[in-house]
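Where a number appears in this text, it was derived from the coordinates with a stated rule and is not lab data. Nothing here was measured: the structure is a model prediction, and the numbers come from that model. Using ideal geometry, Cβ is built from the backbone for each residue, glycine included, and neighbour counts are taken over all protein chains shown.
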């Protein structure tokens, strides 16, 4: 099952040009003086895309020299490696940035040595927010509690499908972590790959799969619209927005509480001090901006703005976490 999903990604990774070292370029006075592109490495409607669109809607007015415009470009494929690699190889002038995601910027380089970039080959401008991990079924599913879903997986191994965005993403590793925590085999459910979190949620809503483990950002609208039923969240305590949904710790699946998606803003290696200073100042203002905070929370995210240095330390800890998890699960 895992090998069959890996084949398209291997082909895509093989087709990517070799990463070239980006030369530091000095930003022109008054940066930015033209449009900035924020690359979202997953498909429209997913957590990365939504986070990028919230950012470009609010950030321009908070830059010291307001940006003429900011646009989101979705470059999808290879579990996020296509878009991420594109930014890594872009000119280091501050006009092509990355909406970095846990899967493509931590899990993939931590678990697959063929990844065409290292986790630390970027200028890290700041962390934006974290996304709780949630396991959902359709609202009309016979599984009203997580214990019932786990029992069905145990009694009918491999017969229930779950949506994923590739073997080296949180949608896949998170579900397999749940299997391990519940004492189930790694193939207790059958993974069905999709290009992004939004498509994965749509597959569950459309009854093409039976359950999903995903970021709350991706699933919150469908939960609010009573299309999906949340069975568990990864947060240490219950969420105010989902007071009836138990935590993994409550269900004695404590290892799941370490699962969380996150969004960050990265640039190519070698961004100038002018660019990094401009963005760190912008993100510091963003952390206090009511409109941005409300937008993140409305989608189920938890605002968590860090500066560049603290973001690097945060990502290193995430890389270590997922490398160890993949080894425990026998995936590397």
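If each DSSP helix of 4+ residues adds -39,500 (n - 2.57) and the sum is divided by the residues in the chain, what number results at 222 nm, nearest 500 deg cm²/dmol?
So the helix-based figure for the chain works out to -11000 deg cm²/dmol.
At 7 Å along Cα-to-Cβ for each site, give me the label-to-label distance between residue 57 and residue 297 in nm.
1.6 nm
Relative contact order for the range 132-258 using alpha-carbon pairs under 8 Å, separation at least 6, rounded to a whole percent?
With pairs under 8 Å counted, the relative contact order is 34 percent.
Helix 2-15 versus the longest principal axis of the chain: what is the Cα-based angle in degrees, 0 to 90, to the nearest 10?
20 degrees
Calculate the FRET efficiency for residue 154 and residue 255 from the Cβ-Cβ distance with a Förster distance of 22 Å, rounded to the nearest 0.05.
Approximately 0.75, to the nearest 0.05.
Taking Cα atoms, how many degrees apart are the long axis of helix 47-58 and the longest axis of the chain, rounded to 10 and kept between 0 and 90?
With both axes taken from Cα atoms, the answer is about 40 degrees.
Separation of the range 116-143 and the range 246-290 by C-alpha centroid, Å?
Measuring centre to centre over Cα atoms gives 11 Å.
Could you give the semi-axes, largest first, of the ellipsoid that matches the chain, computed as the square roots of 5 times the alpha carbon gyration tensor eigenvalues and rounded to whole Å?
Computed over the chain, the values are 34, 22, 16 Å.
Could you tell me what percent of the DSSP beta bridges with both partners in the chain are antiparallel, to the nearest 5?
60 percent
For helix 273-286, report the angle its Cα long axis makes with the longest principal axis of the Cα atoms of the chain; keep it between 0 and 90° and round to the nearest 10°.
The helix 273-286 is inclined about 50 degrees to the chain.
Need one number: % antiparallel among DSSP beta bridges in the range 132-258, to the nearest 5.
55 percent
Calculate the FRET efficiency for residue 34 and residue 187 from the Cβ-Cβ distance with a Förster distance of 56 Å, rounded to the nearest 0.05.
Result of the calculation: an efficiency of 0.65.
Please order 86, 156 by the number of other Cβ within 10 Å, starting at the fewest.
156, 86
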